[in-house]
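Inspection log for the structure reproduced underneath, given as C-alpha cells.
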Amino acid sequence: MKASDLFVRALEAEGVEYLFGIPGEENLDLLDSLSRSNIRLVLTRHEQAAGFMAATYGRLTGKAGVCLSTLGPGATNFVTAAAYAQLGAMPMLMITGQKPIKSSKQGHFQIIDTVDMMRPLTKYTKQIVSGDNIPSRVREAFRVAEEERPGAVHLELPEDIAKEKTDAPVMPRSKVRRPSADEKSIQHAIELTETAKRPLLLIGAGANRRLSSRMLQRFVHQTGIPFFTTQMGKGVIDDDSELCLGTAALSAGDFLHRAIDAADLIINVGHDVVEKPPFFMTPGGVKVIHVNFTSAEVDPVYFPHVEVVGDIANSVWRLGNEIRPQSTWDFSRFFEVKQALEANQAEHAADDRFPLTPARLVSEVQTITPSDGVLSLDNGMYKIWFARNYKAHEPNTLLLDNALATMGAGLPAAIAAQIVHPERFVMAICGDGGFLMNEQDLETAVRLKLNLNVLILNDSGYGMIKWKQTAEGYTDYGLDFTNPDFVKLAEAYGARGHRIESAEDLLPTLERCRDTPGVDIIDCPVDYSVNIELLNQQITELAAAL
C-alpha cells in the first residue's frame, strides 16, 4: 500500500476521530488517503486555531488530538499551539509536511528544520524517513503524548516518503497501568493528616482526570476535609460543595488565603508548577503532602514534606480508605472565610452600573449556564473574575489556560468543545483583543453548523496589562485600540450579532442565544476600572481584617 494510506490506518488504529488543520501541497497524498477514511477532516482558517482545537480535544477526552499543516509557514503557525498543549498538559499530535528528502529540485524553498524547531516545545518530535517506520513512529507518538504528564508531540511526513510503497503492519495499542505509590509514603501521609489540627485539601491541574475526580469526590465525602482548587483544578469536585472554599485566582491577599494561612497541613493533589503558586511555603511553616504522578519539582516556595508518587486516583482512593476523621480537627476558621468570601461575591454580583462590571458578568453567565455547560475562556482580565467567582460543577466545564495563558485560544477551544460535546451548551468568553487574534475561525463554526455562543467583553484595550500598568504606577500608554462593529462582523460570517446596551440587556440576550441554534456573537461593553479598587485594595483590606 501507499505509505500515506498506512499512516492513516495507523491513526485509525489509535482511535482518531478528527483531524484539524490546513493541508498544503506537501500533504496531498495524506489528504487523498484521508478521503477514504472515517477520520473527519475539520478544515480551519489558521493553523494556530487547528492546534488549539486539537489540544482542547485532548484535554476533554484524554486522547491525543491531531492537527495537520504543511511545511514552513504552516508548521511555524503551530508553535504557539504546541506550547499551549505542552504547558497545559494536553495530549496532541502535530503532523507537518516537508519537501522530498531523497531528491528535491526546489532548493531550500520554504524549508526550515521543523523537527529541531519543535524539540524544546514537545515531548517527542521525529521526521519519518521510511514508510516502513510509520507504524512504530505513530504508536510511539501517541504513547508519549498521552502518558503522564501529557503534552505535545510532532511527526514530519515528507512528500516522497508519503508516496512510498510499504507492507508494514499497523501496530496495536497496548494497555499500560501506571505504578502505584509506595505503601510507606501512604502511611506517612495518613499519619500526618490524622495528627493535623486543620488539614486542607488542594486540587490542582494534574488531578483534572475522570477517575481522579471520582476518587477525590469520594475522599472528601469520607473524610470531610475542606478543599480549594487552582484555576485549572476547578470543577474536579463541584464548586457548590459545602466543603469547597473557592479557587486560588489571585496569588495572595484574597479571602481564600486567610484559610490557607490557618491550615497546618495542605494535601496537595495534582500540583503543577506551570500554574501560578496557589500558596507559598516557608521554612518552618505549613506542612505539605505532595500527591502526584511524579515527584515534586522543588523551588524556593514549594518543598513538600511527604511525597506520595504514583497514580493519583489510586493514591487518593487508598488515602480515603484509611484516613479516619478526627475529633481534634477544627475547620471553623475555614468556614468563616468561606462565608465572608461568598458575601463579598454576592455584593459585587449585584452591581448594576453600565458598562458592566466583571463580577456582574460572571453572575449573569452563571445564571444561564447548565451544570454541564462548557465555558471556554480566552486570556484576559475576566479570567481572574471567572476563576474566583464562577462555580464549576463538573471537570473541564470551565476551560481556562493558566499555563501558557495565551490569547486567541478561546474561540478555537470552544469549537473543539462543541465538536466533542454537541449536546451541551458551549460558550466562548473572549476579550476584544483575544477574540480578534483568531476571529477568522468563526467561518469554521458557521460552516460546521455548530451551536456556539461567543461573548466578547469589549473595553477597547488590553485590559489585563492596563490593570498591571496602573497597579505599578505607570502612565496609561500604548494599550488602547479601536474595534470593528462586532454585530456586522458576525453577520458577515453568517452568524447572528447582538449588542448589549444596558446592564439589564445581558441576561435575556444570553438566554435567547443559549436557546437558539446556530452561532451567536454578543458584544458586551465591560468596565475594568473597578479592578484596582476591588482586587488591589478592597478585597485585600477586607481579607486582611478577617
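The values are calculated or read from the model by the stated rules, or taken from the named source; none is laboratory data. The model shown is predicted, which means the values in this text are computed figures rather than measured ones. Cβ coordinates were reconstructed from backbone atoms using ideal geometry, including for glycine residues, and neighbour counts include every protein chain displayed.
Can Leu319 be described as modelled with pLDDT of 95 or more, surrounded by 20 or more Cβ atoms within 10 Å (Cβ to Cβ), in contact with a helix residue (DSSP H, G or I) (Cβ under 9 Å, 6 or more places away or on another chain) and over 30 Å from Asp264 (Cα atoms)? Outline the logic, then answer.
Details: modelled with pLDDT of 95 or more: yes; surrounded by 20 or more Cβ atoms within 10 Å (Cβ to Cβ): yes; in contact with a helix residue (DSSP H, G or I) (Cβ under 9 Å, 6 or more places away or on another chain): yes; over 30 Å from Asp264 (Cα atoms): no.
No.
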- Among (1) within 24 Å of Ala417 (Cα to Cα); (2) surrounded by fewer than 19 Cβ atoms within 10 Å (Cβ to Cβ); (3) not β-branched (Val, Ile, Thr), Cys67 falls short only on (2)
- When you go through Glu504, Glu533 one by one, which is the residue that is farther than 30 Å from Arg258 by Cα, in a helix (DSSP H, G or I) and more than 27 Å from the chain's Cα centre (by Cα)? Glu504
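Can we say Ala259 is touching a residue at least 60 places away in the same chain (Cβ under 8 Å), in a helix (DSSP H, G or I) and farther than 20 Å from Asp311 by Cα? Walk me through how you get there before you give the answer.
Working: touching a residue at least 60 places away in the same chain (Cβ under 8 Å): yes; in a helix (DSSP H, G or I): yes; farther than 20 Å from Asp311 by Cα: yes.
When the stated conditions are applied, Ala259 passes them.
Out of the residues in segment 72-112 that are touching a Lys or Arg at 6+ places or on another chain (Cβ under 8 Å) and touching a residue at least 60 places away in the same chain (Cβ under 8 Å), state the one that is surrounded by the most Cβ atoms within 10 Å (Cβ to Cβ).
Here is the first cut: in segment 72-112, the ones touching a Lys or Arg at 6+ places or on another chain (Cβ under 8 Å) are 86, 88-91, 106, 109-111.
This time we only want the ones that are touching a residue at least 60 places away in the same chain (Cβ under 8 Å), so: 86, 88-91.
Working: Gln86: 24, Gly88: 29, Ala89: 23, Met90: 27, Pro91: 27.
So, considering only residues that are touching a Lys or Arg at 6+ places or on another chain (Cβ under 8 Å) and touching a residue at least 60 places away in the same chain (Cβ under 8 Å), the one surrounded by the most Cβ atoms within 10 Å (Cβ to Cβ) is Gly88.
Looking at segment 290-307 only, could you name the residues that are farther than 20 Å from Arg210 by Cα and either part of a strand (DSSP E or B) or in contact (Cβ under 8 Å) with a residue 40 or more places away in the chain (or both)?
The answer is Asp299, Tyr302, His305, Val306, Glu307.
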- Message: Can you tell me which residue is farthest from the chain's Cα centre (by Cα) among those in segment 88-136 that are among the basic types (Lys, Arg) and within 22 Å of Thr406 (Cβ to Cβ)?
- Response: Arg119
- The listed residue being surrounded by fewer than 17 Cβ atoms within 10 Å (Cβ to Cβ) and part of a helix (DSSP H, G or I), out of Ala544, Ala490: Ala544
- Query: Looking at segment 30-53, which of its residues are within 21 Å of the chain's Cα centre (by Cα) and charged (D, E, K, R)?
  - Reply: Glu47
- Tell me, which residue of segment 488-537 that is within 18 Å of Asp459 (Cα to Cα) and of a type in the set (S, T, N, Q) is modelled with the highest pLDDT? Ser502
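How many residues, within segment 463-487, are free of Cβ contacts under 8 Å to residues at least 60 places away in the same chain and either surrounded by 13 or more Cβ atoms within 10 Å (Cβ to Cβ) or closer than 20 Å to Asn379 by Cβ (or both)? Spell out the reasoning first.
First, the residues of segment 463-487 that are free of Cβ contacts under 8 Å to residues at least 60 places away in the same chain: 465, 468-469, 472-487.
Filter again for either surrounded by 13 or more Cβ atoms within 10 Å (Cβ to Cβ) or closer than 20 Å to Asn379 by Cβ (or both), leaving 465, 468-469, 472, 478-481, 483, 486-487.
Qualifying residue count for the region: 11.
Does Asp432 qualify as being touching a Phe, Trp or Tyr at 6+ places or on another chain (Cβ under 6 Å) and surrounded by 21 or more Cβ atoms within 10 Å (Cβ to Cβ)? So that I can check it myself, show each step before the final result.
Values: touching a Phe, Trp or Tyr at 6+ places or on another chain (Cβ under 6 Å): no; surrounded by 21 or more Cβ atoms within 10 Å (Cβ to Cβ): yes.
For Asp432, the condition - touching a Phe, Trp or Tyr at 6+ places or on another chain (Cβ under 6 Å) and surrounded by 21 or more Cβ atoms within 10 Å (Cβ to Cβ) - is not met.
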- If we ask which residues in segment 392-429 are surrounded by fewer than 24 Cβ atoms within 10 Å (Cβ to Cβ) and not polar (S, T, N, Q), their number turns out to be 14
- Mind listing just one residue for me: the one in segment 196-232 that is within 20 Å of Ala252 (Cβ to Cβ) and touching a Phe, Trp or Tyr at 6+ places or on another chain (Cβ under 8 Å) and, of those, surrounded by the most Cβ atoms within 10 Å (Cβ to Cβ)? Ile203
- Item | Subset of segment 326-346 (residues that are acidic (Asp, Glu) and either part of a loop (DSSP other than H, G, I, E, B) or more than 28 Å from the chain's Cα centre (by Cα) (or both)) | Asp330, Glu336
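So that you can scan it fast, the table gives a plain yes or no per residue for (1) surrounded by 14 or more Cβ atoms within 10 Å (Cβ to Cβ); (2) closer than 26 Å to Gly21 by Cα:
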| residue | (1), (2) |
| --- | --- |
| Ala145 | yes, yes |
| Glu156 | yes, yes |
| Asp160 | yes, yes |
| Lys165 | no, yes |
| Met171 | yes, yes |
| Pro179 | no, no |
| Ser185 | yes, no |
| Ile190 | yes, no |
| Glu194 | yes, no |
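Regarding segment 308-325, can at least one residue be identified that is hydroxyl-bearing (Ser, Thr, Tyr), outside the structural domain of Ile190 (by TED's automatic domain parsing) and touching a residue at least 12 places away in the same chain (Cβ under 8 Å)?
From segment 308-325, those hydroxyl-bearing (Ser, Thr, Tyr) are 315; that's our starting set.
Cutting the leftovers down to outside the structural domain of Ile190 (by TED's automatic domain parsing) gives us none.
Within segment 308-325 (the criterion being hydroxyl-bearing (Ser, Thr, Tyr), outside the structural domain of Ile190 (by TED's automatic domain parsing) and touching a residue at least 12 places away in the same chain (Cβ under 8 Å)), the answer is no, since none of the residues qualifies.
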- Task: For segment 516-529, state whether one or more residues are under 26 Å from the mean Cα position of the chain (by Cα) and surrounded by fewer than 16 Cβ atoms within 10 Å (Cβ to Cβ).
- Result: yes
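Regarding Ala349, is this residue surrounded by fewer than 22 Cβ atoms within 10 Å (Cβ to Cβ) and at positive phi?
On the way: surrounded by fewer than 22 Cβ atoms within 10 Å (Cβ to Cβ): yes; at positive phi: no.
In short, no.
Would you call Ile500 crowded, with 19+ Cβ neighbours inside 10 Å, touching a helix residue (DSSP H, G or I) at 6+ places or on another chain (Cβ under 6 Å) and over 15 Å from Gly380 (Cα atoms)?
In short, yes.
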- Could you say which residue among Ile161, Ile186 is closer than 30 Å to Thr247 by Cβ, over 27 Å from the mean Cα position of the chain (by Cα) and hydrophobic (A, V, I, L, M, F, W, C)? Ile186
